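Since the structure comes first, as structure tokens, the remarks are kept for the end.
The values are calculated or read from the model by the stated rules, or taken from the named source; none is laboratory data. As the structure is a prediction and not an experimental result, all values here were calculated from the model. Positions of Cβ are generated from backbone atoms using ideal geometry, with glycine treated the same way; all protein chains shown enter the neighbour counts.
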Amino acid sequence: MSRWLLTGGAGYIGSHVARDLLTSGREVVVLDDLSSGIRERVPGDAELVVASVLDTEAVRRALEGVTGVVHLAAKKAVGESVEMPLMYYRENVGGVTSLLQAMDDVGTPCMVYSSSAAVYGEPPWSPISEDSPLAPLSPYGETKVIGEWMVRDVAAARELSWVALRYFNVAGAGSPDLGDPSVNNLIPMVFRALDQGEAPQIFGTDYPTPDGSCIRDYIHVSDLSAAHVAAADLVERELVGVALNVGTGVGSSVAEVMDAVSSVVGRDVGAVAVGRRAGDPPELVAQVERAQEMLGWSAQRGLADMVESAYAARR
Ligand SMILES: NC(=O)c1ccc[n+]([C@@H]2O[C@H](COP(=O)([O-])OP(=O)(O)OC[C@H]3O[C@@H](n4cnc5c(N)ncnc54)[C@H](O)[C@@H]3O)[C@@H](O)[C@H]2O)c1
């Protein structure tokens, strides 16, 4: 049985990954500073270390006997990163620096790194392959690119097997107690508007897409979590270094998401069209063949599952 360190394991995605790593037969140590994570979400079978990844000494101690690290701990709000770039550089880039230093000190051989489709910025084509240019549009996206490069560079200097997973639009919940508590993404934003008795907004209806609204690749958090276990299996099995898109390969427009929410709540949500937001590309859909080939993984759940489970988990 191998032992894995999961940073950010008390968060939205991490609480799913913690459960799936345990189910895969691994021991799990969660390291989380609980800045946005919730202690109760860490499964009882996992060990919890409350510390920041910036605390290299605490990470070094937590790495004792550990084969690999799944690194999720980070700040993730794009708009906030524009307002507070230094905080994002300190937390996200500083976090990877500290973690890689500790891993180097103790010789941890495997890593799965949480990256994002934000590394692509506004891509000139879609679906987008991993070989497309990296051109992030925000400090948040920049910190994810820098993190990927740091992992790659350390791996080139010593034996480290790694996979960076570039998540597309994560949604849904694996169970009603594990919903997304933040309101950065579309589906939680729609439910919050409905809870407040407001009409959800569609930002831009004049994009060059069939219904005029933006198209994104929504991936169920349980499918995303399963990709982490497949990536952990891969880096344990062989020496690799690769970035992989994690999406469904299927795009849904904002208007289609509104329709899906309407059918789940049983009434027309009455979405209203407002102007475009700066920096929203018309379409961002993943090419997923590389992840399917390398991980033997593919997404199983569709938009209806995501909206239904997010609704059931709504606070
Ligand atoms: N949710 C998405 O749509 C999405 C999309 C792409 C990438 N990501 C990435 O996935 C990862 C997890 O995101 P999430 O949605 O679960 O967010 P989240 O905020 O729910 O989880 C992040 C977790 O990391 C912890 N954390 C933050 N800074 C820390 C630090 N310095 N030391 C220790 N712990 C720290 C938080 O307490 C929290 O438990 C992040 O790296 C994020 O950038 C998320």
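Across the stretch 160-192, the qualifying residues are those that are small (Gly, Ala, Ser) and at pLDDT 95 or above, and the one among them that is nearest to Ala135 (Cα to Cα) is Ala164.
Residue-by-condition table, conditions (1) closer than 25 Å to Ala118 by Cβ; (2) in a loop (DSSP other than H, G, I, E, B):
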{"position": "Val28", "(1), (2)": "no, no"}
{"position": "Leu34", "(1), (2)": "yes, yes"}
{"position": "Pro43", "(1), (2)": "no, yes"}
{"position": "Val49", "(1), (2)": "no, no"}
{"position": "Glu64", "(1), (2)": "no, yes"}
{"position": "Val70", "(1), (2)": "yes, no"}
{"position": "Lys75", "(1), (2)": "yes, yes"}
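With respect to being within 12 Å of the ligand (Cβ to nearest atom), closer than 21 Å to Pro109 by Cβ and buried (at least 20 other Cβ atoms within 10 Å of the Cβ), Val42 falls outside the description. Close contacts from the stretch 11-27, counting a first residue that is of a type in the set (Lys, Arg) and a second that is modelled with pLDDT of 95 or more, with Cβ to Cβ under 7 Å and a gap of 6+ residues or different chains, come to Arg19/Pro43; Arg26/Ser2; Arg26/Arg3; Arg26/Trp4.
Applying a threshold of 8 Å to beta carbon distances and a minimum spacing of six or more residues, or different chains, the list of pairs starting in the stretch 250-278 at a residue that is touching a residue at least 60 places away in the same chain (Cβ under 8 Å) and ending at one that is acidic (Asp, Glu) reads Gly251/Asp217; Gly251/Glu283; Arg276/Asp206. One residue alone among Val50, Val28 is outside the structural domain of Leu178 (by TED's automatic domain parsing) and near the ligand (Cβ under 9 Å from one of its atoms), and that residue is Val50.
Each residue in the stretch 1-54 was checked for being of a type in the set (Phe, Trp, Tyr) and under 14 Å from Asp177 (Cα atoms), and 1 of them qualify. Using beta carbons and a limit of 8 Å, which pairs, at least six apart or on different chains, have the first residue in the stretch 85-110 and without any contact (Cβ under 8 Å) to a residue 24 or more places away in the chain and the second one in a loop (DSSP other than H, G, I, E, B)? Every condition considered, the pairs that remain are Met87/Lys75. Please find, within the stretch 132-154, the residue that is surrounded by the fewest Cβ atoms within 10 Å (Cβ to Cβ) out of those that are without any contact (Cβ under 8 Å) to a residue 40 or more places away in the chain and in a loop (DSSP other than H, G, I, E, B). Ranking the qualifying residues of the stretch 132-154, first place goes to Pro133. The set of residues in the stretch 84-102 that are more than 13 Å from the ligand (Cβ to nearest atom) and in contact with a Lys or Arg (Cβ under 9 Å, 6 or more places away or on another chain) comprises Met84, Gln101. The set of residues from the stretch 156-200 being within 16 Å of the ligand (Cβ to nearest atom), among the aliphatic types (A, V, I, L, M) and surrounded by 20 or more Cβ atoms within 10 Å (Cβ to Cβ) comprises Val163, Ala164, Leu165, Val170, Ala171, Ala173, Leu178, Leu186, Ile187, Val190.
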